[in-house]
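Below: the structure, in structure tokens.
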Amino acid sequence: MSDPVNKKDAKGQTMWGGRFSAQPGALMQAINVCIQYDKRLANQDIQGSKAHAAMLAAQGIITEDDYKAIDAGLDEIKIEIQEGKFPFKDELEDIHLNIENRLKEKIGEAAGRLHTGRSRNDQVATDFRLWVRNHLNLFDAQLTDLMAALLGQAEANTDTIMPGFTHLQSAQPVTFGHHMLAYLEMFARDRARFKDCYKRVNESPLGAAALAGTPYPIDREATANALGFARPMANSLDAVSARDFALEALSAATICATHLSRLAEEMVIWTSAQFQFIALSDAFTTGSSIMPQKRNPDAAELVRAKVGRIMGALTTLTLVMKGLPLAYSKDMQEDKEPVFDAFDALEVGLAAMTGMISDMTPNKPRLAEAAGAAFSTATDLADWLVMSLNMPFRDAHHVTGRVVAMAEKQDKTLDALSLSDLQSVEPRITDDIFRVLSPLASASSRTSYGGTAPSEVAKQVARWKAELG
């Protein structure tokens with residue numbers, strides 16, 4: 001085993017206190033260090049530290065000179081990080097100690113006053129909430145863009161006929177615009193979930209210190225306001241130990257990713273040679289290394305796969321948190337990596353799906369052909385019998401089944417049957433029946449609120465255009 005790692009600050013002092021006479025061994029260092037991934041919290045850590053330092057000065061806990069030195073030093077560190085010049089050190093464990101040590105190198109003793117009235121426990125909780133909050137805003141913007149792309153396809157295809165499916169079997173004709181609006185509604189709920197989650201993320205742990213608060217006369221309202229939080233958290237134990245905000249965000253992300261995956265699955269199916277419902281450009285497809293005819297929907301397939309990473313992150317963090325007593329435990333160091341990974345996956349998934357929806361071209365002739373297959377207007381025939389002949393629905397269902405059998409025997413669609421053929425099954429049928437037997441007529445008849453009729457789709461398009469601006 002190698003020599004113990006020397007974890008000291010710029011003045012040769014151990015960063016986390018004088019109680020320990022020996023440094024941690026290499027294995028302990030390996031399991032303890034997290035700077036490789038929590039460096040992503042650098043901007044949030046500096047933001048929180050600047051707010052904390054300003055509050056300390058306002059409360060007379062540190063001098064104005066020390067505050068100015070701290071604030072200027074943090075600005076310099078932020079620039080170093082942005083320019084890729086910051087000397088991250090594994091031996092300093094995490095982003096907090098790395099920044100604090102660098103600040104001490106820059107401004108000397110005043111840097112040691114920054115940590116007055118706080119702990120790494122409330123510091124990391126604050127950083128993490130700020131980071132998650134930023135990404136909830138990002139997802140809101142991305143979902144708005146995706147919804148706008150879906151709305152554009154819906155508006156362009158209010159009367160484009162396609163088959164609607166149940167059990168992946170042709171069921172009833174619908175419009176392509178209606179299908180697009182179904183996903184728009186799903187993503188609108190995802191957007192609402194993220195907005196609702198934001199309310200619980202947006203509370204400040206800063207000032208809770210290690211777990212019990214602090215004897216210094218700090219102003220938690222001031223730091224909460226400076227950081228854009230709605231309020232400081234009301235219980236110091238809860239403030240440092242709660243990660244349900246991350247679990248809730250991951251839960252919303254998982255549901256959103258599930259919707260992305262369902263849409264991606266349909267795009268994979270629709271671009272296949274067997275369906276040919278849509279086409280995607282070269283921007284979102286790839287070729288085969290051996291089969292020159294192939295155009296693979298790889299972007300959709302990768303979006304479909306992202307849900308596994310995101311759902312896995314939710315499971316990971318749930319299992320990390322499930323057995324922890326109050327307040328902070330080192331287990332909670334494992335909270336950020338799965339969230340970072342999941343949010344990265346969702347970010348790219350949303351961007352890719354928005355691109356694909358904007359890029360795709362519906363194959364209208366093929367969609368119309370498929371919409372009339374498999375006797376998709378059979379329910380319309382049954383409904384006509386009920387409404388026009390006052391026939392009980394179960395009897396109408398039976399008559400329709402006999403008509404379908406006839407059409408199948410003749411290898412015809414229902415609207416291609418002659419009136420005499422239909423009357424041979426039910427003599428009271430009139431030529432008015434043909435008003436509902438074509439796929440477009442079928443879809444156009446579904447005028448109930450939220451239905452697939454082009455007139456209803458146009459109303460929903462207008463509603464969403466007004467809502468999305």
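Do you know which residues across region 37-72 are closer than 20 Å to VAL124 by Cα, more than 30 Å from the chain's Cα centre (by Cα) and buried (at least 21 other Cβ atoms within 10 Å of the Cβ)? Break it down stepwise before answering.
Quick first cut of region 37-72, residues closer than 20 Å to VAL124 by Cα only: 37-56, 70-71.
Among the residues that remain, those that are also more than 30 Å from the chain's Cα centre (by Cα) are: 50, 52-56, 70-71.
If the condition is that a residue be closer than 20 Å to VAL124 by Cα, more than 30 Å from the chain's Cα centre (by Cα) and buried (at least 21 other Cβ atoms within 10 Å of the Cβ), then HIS52, ALA53, MET55, LEU56, ILE70 are the ones that fit.
In region 145-168, what residues are farther than 29 Å from VAL348 by Cβ and not acidic (Asp, Glu)?
So in region 145-168, the residues farther than 29 Å from VAL348 by Cβ come out as 158-161, 163-164, 166-167.
Selection gives THR158, THR160, ILE161, PRO163, GLY164, THR166, HIS167.
Pick from region 382-393 the residues that are in a helix (DSSP H, G or I) and farther than 16 Å from PRO173 by Cβ: which of them is most open to solvent (accessible area, probe 1.4 Å)? Quick ask: steps written out before the conclusion?
Of all residues in region 382-393, those in a helix (DSSP H, G or I) come to 382-389, 393.
Those still in the list that are farther than 16 Å from PRO173 by Cβ too: 385-389, 393.
Numbers: LEU385: 0, VAL386: 47, MET387: 156, SER388: 61, LEU389: 29, PHE393: 88 Å².
For region 382-393, the residue satisfying everything is MET387.
Please enumerate the residues belonging to region 399-421 that are open to solvent by 60 Å² or more (accessible area, probe 1.4 Å), of a type in the set (D, E, K, R) and on the phi < 0 side of the Ramachandran plot. Lay out the reasoning, then the answer.
If we filter region 399-421 for residues that are open to solvent by 60 Å² or more (accessible area, probe 1.4 Å), which is where we start, we get 402, 408-412, 415, 420.
Next, only the ones that are of a type in the set (D, E, K, R) stay: 402, 408-409, 411-412, 415.
Residues satisfying the conditions are ARG402, GLU408, LYS409, LYS412, ASP415.
Being surrounded by fewer than 19 Cβ atoms within 10 Å (Cβ to Cβ), small (Gly, Ala, Ser) and more than 20 Å from THR160 (Cα to Cα) is the requirement here; does SER424 meet it? Lay out the reasoning, then the answer.
On the way: surrounded by fewer than 19 Cβ atoms within 10 Å (Cβ to Cβ): yes; small (Gly, Ala, Ser): yes; more than 20 Å from THR160 (Cα to Cα): yes.
In short, yes.
Being in a loop (DSSP other than H, G, I, E, B), in contact (Cβ under 8 Å) with a residue 40 or more places away in the chain and not hydrophobic (A, V, I, L, M, F, W, C) narrows it down to one residue among THR379, THR354, THR447, THR452; which is it? Explain how you work it out, then say what you get.
Values: THR379 fails: in a loop (DSSP other than H, G, I, E, B); THR354 fails: in a loop (DSSP other than H, G, I, E, B); THR447 fails: in contact (Cβ under 8 Å) with a residue 40 or more places away in the chain.
Result: THR452 is the single residue among THR379, THR354, THR447, THR452 that is in a loop (DSSP other than H, G, I, E, B), in contact (Cβ under 8 Å) with a residue 40 or more places away in the chain and not hydrophobic (A, V, I, L, M, F, W, C).
Which residues, counting only those in region 146-186, are over 12 Å from VAL461 (Cβ atoms) and among the hydroxyl-bearing types (Ser, Thr, Tyr)?
Those that are over 12 Å from VAL461 (Cβ atoms) and among the hydroxyl-bearing types (Ser, Thr, Tyr): THR160, THR166, SER170, TYR183.
Pairs under 6 Å by beta carbon, first residue in a loop (DSSP other than H, G, I, E, B) in region 206-232, partner modelled with pLDDT under 95 and of a type in the set (Gly, Ala, Ser), six or more apart or different chains?
Within 6 Å, the pairs are LEU211/ALA327.
I need the full set of residues from region 326-340 which are open to solvent by less than 10 Å² (accessible area, probe 1.4 Å) and acidic (Asp, Glu), in order please.
Passing the criteria: only ASP335.
Looking only at region 357-376, count how many residues are out of contact with any Ser or Thr (no Cβ under 9 Å at 6 or more places or on another chain) and touching a residue at least 40 places away in the same chain (Cβ under 8 Å). Steps first, please.
Initially, region 357-376 is screened for residues out of contact with any Ser or Thr (no Cβ under 9 Å at 6 or more places or on another chain), giving 357-358, 363, 365-366, 369.
When the remaining residues are screened for being touching a residue at least 40 places away in the same chain (Cβ under 8 Å), the result is 357-358, 363, 366.
So the count comes out to 4.
Output the residue which, of all residues in region 433-469 that are open to solvent by 60 Å² or more (accessible area, probe 1.4 Å), charged (D, E, K, R) and at pLDDT 90 or above, is nearest to the chain's Cα centre (by Cα).
By that ranking, first place goes to GLU467.
Would you mind telling me which numbered condition in (1) of a type outside the set (S, T, N, Q); (2) surrounded by fewer than 24 Cβ atoms within 10 Å (Cβ to Cβ); (3) modelled with pLDDT of 95 or more GLY177 fails?
Result: GLY177 fails condition (2) only.
Just one of the numbered conditions (1) surrounded by fewer than 19 Cβ atoms within 10 Å (Cβ to Cβ); (2) at pLDDT 95 or above; (3) in a loop (DSSP other than H, G, I, E, B) is not true of ASP238; which one?
Unmet for ASP238, out of (1) surrounded by fewer than 19 Cβ atoms within 10 Å (Cβ to Cβ); (2) at pLDDT 95 or above; (3) in a loop (DSSP other than H, G, I, E, B): (3).
In region 144-179, what residues are in a helix (DSSP H, G or I) and under 14 Å from GLY450 (Cβ atoms)? Before the answer, list the steps.
At the first step, the residues of region 144-179 found to be in a helix (DSSP H, G or I) are 144-156, 176-179.
Those that are in a helix (DSSP H, G or I) and under 14 Å from GLY450 (Cβ atoms): ALA154, GLY177, HIS178, HIS179.
If you scan region 341-374, which residues turn out to be over 30 Å from ALA188 (Cβ atoms) and surrounded by fewer than 20 Cβ atoms within 10 Å (Cβ to Cβ)? Working first, answer last.
First, the residues of region 341-374 that are over 30 Å from ALA188 (Cβ atoms): 365, 369, 372-374.
Listed by number, the residues that qualify are PRO365, GLU369, ALA373, ALA374.
Kindly indicate whether any position in region 104-123 is open to solvent by 40 Å² or more (accessible area, probe 1.4 Å) and touching a residue at least 60 places away in the same chain (Cβ under 8 Å).
Scanning region 104-123, I find at least one residue that is open to solvent by 40 Å² or more (accessible area, probe 1.4 Å) and touching a residue at least 60 places away in the same chain (Cβ under 8 Å), so the answer is yes.
Is it fair to say ALA396 is surrounded by 19 or more Cβ atoms within 10 Å (Cβ to Cβ) and free of Cβ contacts under 8 Å to residues at least 24 places away in the same chain?
Values: surrounded by 19 or more Cβ atoms within 10 Å (Cβ to Cβ): yes; free of Cβ contacts under 8 Å to residues at least 24 places away in the same chain: yes.
So ALA396 passes the test.
If we keep just the residues of region 405-431 that are within 16 Å of THR377 (Cβ to Cβ), outside any helix (DSSP H, G or I) and among the β-branched types (Val, Ile, Thr), which is farthest from the chain's Cα centre (by Cα)?
Ranking the candidates gives ILE429 first.
The values are calculated or read from the model by the stated rules, or taken from the named source; none is laboratory data. Because the structure is a prediction, the values reported are computed rather than measured. In this analysis, Cβ positions are derived from the backbone assuming ideal geometry, glycine residues included, and neighbour counts consider all displayed protein chains. These area figures cover heavy atoms from the full protein model, side chains too; ligands, DNA and RNA do not enter into them. Shrake-Rupley method; radii C 1.70, N 1.55, O 1.52, S 1.80 Å.
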